[in-house]
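Notes follow the structure.
What follows draws every value from the coordinates through simple rules; no lab data is involved. None of these values were measured; they are calculated from a predicted model. Methodologically, a virtual Cβ is constructed for each residue, glycine included, from the backbone with ideal geometry; neighbour enumeration extends over all protein chains shown.
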Amino acid sequence: SSGDAATLPRCPAAPPPRYLFPMPKPFVIEEYVRWSDVDFAGIIFYGSYVRFFELAETELFRAAGLPFGTVFDQYDVFLPRVQVHTEFHSPPRLDDHLAVAAYIGRVGRTSMTIEFEVVRRPDGTHCADGHMVLVCVDRPVKAERKIVERIATGKAVPPHWYVEPWMWKGLIVN
């Protein structure tokens, strides 16, 4: 009969998708939950996530060829945080091995947002995510200024570290 699967014409396989930009991939650091990171119950203290976020942020800048010491001295700026946000999903415990991904979520005229995702190794349990907003401040004047051009233009940070917020969650591969 004409409706049998064996007699239906086969569709050619679809070609692989082409992307204009590299697919997003996170900058990832790995770190263990230390004694100083946990509370009396033996689970991570909520404020300890800031340490993990700052480690990932610092190493992301270093990997891009812009260690903070260089940024501060060469461009005569500071990058203070004006916002830190964390959402908690599953609490890590003492000595858990964590992977922390950092992504550039947004670069504005005077500020930038770095997004973070934290997962437990090796099982990939999603522990937390969050973001920090950094503002570029002129060191001598202590006032906002246009963000360092090398960061704003993407010349320092690889384009696959700039990720739209709706894309970044779940990019860490176990």
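A few notes on this one:
- Karplus-derived HN-Hα couplings along segment 40-51 (A = 6.51, B = -1.76, C = 1.60, θ = phi - 60°), whole Hz, x at Gly and Pro: 4, 7, x, 10, 4, 6, 3, x, 5, 4, 4, 4
- Looking at segment 70-158, the trypsin sites (Lys or Arg not before Pro) that sit in a DSSP loop and have at most 13 other Cβ atoms within 10 Å of their own Cβ are Arg109, Lys142, Lys146, Lys155.
- Counted residue by residue at 0.36 nm each, then reduced by the alpha carbon distance between them, the extension gain from Phe68 to Arg93 reaches 6.0 nm.
- Among 54-63, 38-47, sorting by the average number of other beta carbon atoms lying within 10 angstrom of each residue, highest first, gives 54-63, 38-47.
- For Gly108, nonlocal amide neighbours, meaning residues 5 or more places apart or on other chains whose placed amide H falls under 5 Å from its own, are Thr113.
- In order through segment 113-126: 3J(HN,Hα) via Karplus (6.51 cos²θ - 1.76 cosθ + 1.60), integer Hz, x for Gly, Pro: 10, 10, 9, 9, 9, 10, 10, 8, 9, x, 7, x, 4, 6
- Approximate shape of segment 38-105 as ellipsoid semi-axes (Cα gyration tensor, √5λ), whole Å, largest first: 28, 13, 11
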